[in-house]
1. Under 18 Å from a point 7 Å along the Cα-to-Cβ line of K377: which residues of region 384-408 have their amide N that close?
2. Counting only other residues whose beta carbon sits under 13 Å from that of A135, what net charge do I get with K and R as +1, D and E as -1?
3. So for each of 234-246, 41-53 I average, over its residues, the number of other beta carbons within 10 Å; can you give me the resulting order with the highest mean first?
4. Separation of region 83-119 and region 233-296 by C-alpha centroid, Å?
5. Which entries in K75/K128; K42/K176; K54/K325; K240/K341; K54/K240; K54/K387 show an alpha-carbon gap greater than 30 Å?
6. Using the Cα centre of region 199-304 as the reference point, and only Cβ charges (+1 on K/R, -1 on D/E), how large is the resulting charge dipole? Debye, rounded to the nearest 20.
7. If packing is taken as the mean number of other Cβ atoms within 10 Å per residue, what is the order of 183-195, 28-40, 375-387, highest first?
8. Leaving out ligands and nucleic acids, and using a 1.4 Å probe, what accessible area per residue does the chain come to in Å²?
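The values are calculated or read from the model by the stated rules, or taken from the named source; none is laboratory data. All of these numbers come straight from a predicted model, not from anything done at the bench. Here Cβ is always computed from backbone atoms with ideal geometry, including for glycine, and neighbour counts include all displayed protein chains. Keep in mind that these areas ignore ligands, DNA and RNA; they rest on the heavy atoms of the full protein, side chains included. Shrake-Rupley method; radii C 1.70, N 1.55, O 1.52, S 1.80 Å.
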Amino acid sequence: MKLFILIAMLISANAFAKQVSNPWTAVAQTVDVSQHQGKAFKLSADIRSELLYKKSLTSIWVRIENTQQQSSFFKNDVAFGKTNAQWQRFMIEGTLDKNAHSFHFGALMLYGGIHYYDDFKLEVEISKGQWREIALQNSSFESDLTGTDWQEGVGRGVLNSIDFNIVRSTENPSDKTSSLRIAATKLLGSGNAGQYVNVNGVDLYYEIHGKGTPLLMLHGNGQSMTSFLNQVRHFSQTHKVILLDSRGRGNSSTNENVDLTYALQVEDTKLFLDAIGEQQVDIVGWSDGAIIGLMLAKKYPDRVGKLVSMAANIFPEGVKDARLKYFKTHLQALKKQHNGKYNIETQLYNMLVNYPQMKFEELKPITAQVLVMVGDKDIIKHQHTVKIFESMESAQLAIVPNTDHFMPSSSPQLFNSIVERFLKE
């Protein structure tokens with residue numbers, strides 16, 4: 001076995017600049033509302049959508065903060081699933097609390113498409129039934145975006161998305177001559193860049209990027225392939241990156257007559273590889289994807305070359321006690337809410353609470369080279385991760401400083417560099 005522990009004296013997660021890609025973007029403007037504390041407000045704007053994918057969502061949004069940047073109001077979903085090619089007016093209403101200071105608002109877009117926004121209006125109720133309009137900058141996008149009026153982000157700092165095109169458009173505006181256009185037509189996992197295969201009673205959505213040694217990426221419990229946005233561009237330069245939406249997640253379907261289990265998803269993955277003609281692949285598995293990767297390497301050793309196991313647990317108690325307690329409480333609430341009916345969220349939490357049920361000695365037959373990774377602030381217990389590492393003959397261990405369960409997205413360059421080193425060995 002090879003010990004590969006990264007400690008803070010040797011390398012720091014903060015040594016890498018964060019250039020994070022996201023499956024969403026927002027455009028923001030901020031207004032000082034401290035003179036209107038305690039007043040009712042309403043924010044409205046027009047939205048239309050020209051190109052919608054299965055997962056596309058768009059809306060207007062509002063977040064209100066006090067001088068300490070503590071939030072007192074947030075809403076962002078009033079237009080989710082309701083937009084089409086025709087202009088429609090959407091509104092968010094609420095009350096400015098007694099400490100309100102910064103009123104952040106704007107346009108929001110998730111998972112791709114082409115969406116237009118126009119004629120933003122903010123009003124406060126100065127007396128019963130009497131509303132006053134608050135002046136906004138470039139509210140109908142009649143001028144070019146300067147960054148001092150509207151900027152990409154959520155009112156705290158600036159985003160610089162490489163996936164979204166944000167421009168002023170003169171095409172069919174709602175008000176006057178221009179509108180805001182936000183477009184992402186090739187976003188990972190949007191449903192327009194991949195294919196489906198029917199295996200094990202479900203339709204699984206997948207995408208392939210790049211050429212070279214096949215590298216399958218398996219996402220976590222409540223995620224989809226979009227969780228690997230920050231890995232695809234990097235690894236597709238040297239690998240044939242295969243991204244899969246697990247059943248019931250992303251664009252893949254589920255079967256309500258079958259309980260969701262890790263063992264079922266192992267079979268899904270094996271049959272998926274059969275269907276696309278891949279005999280053996282390297283795997284990057286994150287959280288539940290790492291569990292599936294370990295189980296696949298155990299049951300079908302000839303199908304797995306190298307395996308990166310990021311933040312796996314092999315039985316529920318491998319998760320820190322406070323987090324596992326939260327999972328259990330939330331599962332009971334979901335069961336009560338859905339009254340025994342099939343619900344994908346309930347199924348996902350049931351897996352977190354009750355599965356997998358493996359023993360450390362069951363990992364011993366794994367012959368694949370495995371990189372066992374975990375963040376030093378992860379929800380997975382450190383001793384559990386170390387025991388996983390010690391249970392396999394050809395394993396390496398990386399406990400990465402100043403990172404958590406979401407290392408692939410929060411510290412992508414660091415994560416990618418460690419994985420790349422392992423895959424090249």
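1. 399-408
2. Values: positive: K121, R132; negative: D32, E123, E133, D149.
Here the charged neighbours net out to -2.
3. Going from most to least packed, we get 234-246, 41-53.
4. Distance between centres, Cα-based: 36 Å.
5. Numbers: K75/K128 24 Å; K42/K176 22 Å; K54/K325 34 Å; K240/K341 40 Å; K54/K240 25 Å; K54/K387 41 Å.
Listed pairs above 30 Å: K54/K325; K240/K341; K54/K387.
6. Numbers: 9 positive and 12 negative charges, 72 e Å.
About 340 debye.
7. Working: 183-195: 19.9, 28-40: 15.8, 375-387: 18.2.
Highest to lowest by the protection proxy: 183-195, 375-387, 28-40.
8. With the other protein chains kept in place, the chain gives 44 Å² per residue.
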